[in-house]
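Step one of this worksheet: look at the structure below.
The values are calculated or read from the model by the stated rules, or taken from the named source; none is laboratory data. Just so you know, these numbers come straight off a predicted model, no measurement behind them. All Cβ positions, even for glycine, are placed from backbone atoms using ideal geometry, and neighbour counts span all protein chains on display. Calculation scope for accessible area: heavy atoms of the full protein, side chains included, ligands and nucleic acids excluded. Shrake-Rupley method; radii C 1.70, N 1.55, O 1.52, S 1.80 Å.
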Amino acid sequence: MKNNDPLHGKTLQVILEFLVDFYGFEKLGEKIKINCFTENPSIKSSLTFLRKTDWARKKVEELYLQTVLNQYS
């Protein structure tokens, strides 16, 4: 049975690296206003914050889904 969840099997790191490659930290910080994207951003520090902060992680996952869906539609 195929899992239809587009986040299935995707780690937070894979999602974040995709978004940073796609938008860059500056644009990402405009789209999702959290300091880990605007103040001295790095993948490592962003992952640390996002793993502890459910609402921020949810925003990142939602942006990922929107971005992927827009790419393939």
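List of remarks:
- For the stretch 25-73, the set of trypsin sites (Lys or Arg not before Pro) satisfying both a DSSP loop assignment and a count of at most 15 other C-beta atoms within 10 Å is given as Lys33.
- Nearest-20 debye value, the chain charge dipole, Cβ charges on Lys, Arg, Asp, Glu: 200
- Ordering Asn4, Val14, Cys36 by the projection of their Cα atoms onto the charge dipole of the chain, which places +1 on the Cβ of Lys and Arg and -1 on the Cβ of Asp and Glu, puts Asn4 at the extreme positive end.
- Listed by chain and number, the lysines whose alpha-carbon sits under 16 Å from that of Lys33, ignoring those within fewer than 8 places in the same chain, are Lys58, Lys59.
- Sites Lys59 and His8, calculated FRET efficiency, Cβ-Cβ separation with R0 30 Å, nearest 0.05: 0.95
- Percent carbon-and-sulfur accessible area, the chain, ignoring ligands, DNA and RNA, probe 1.4 Å: 50
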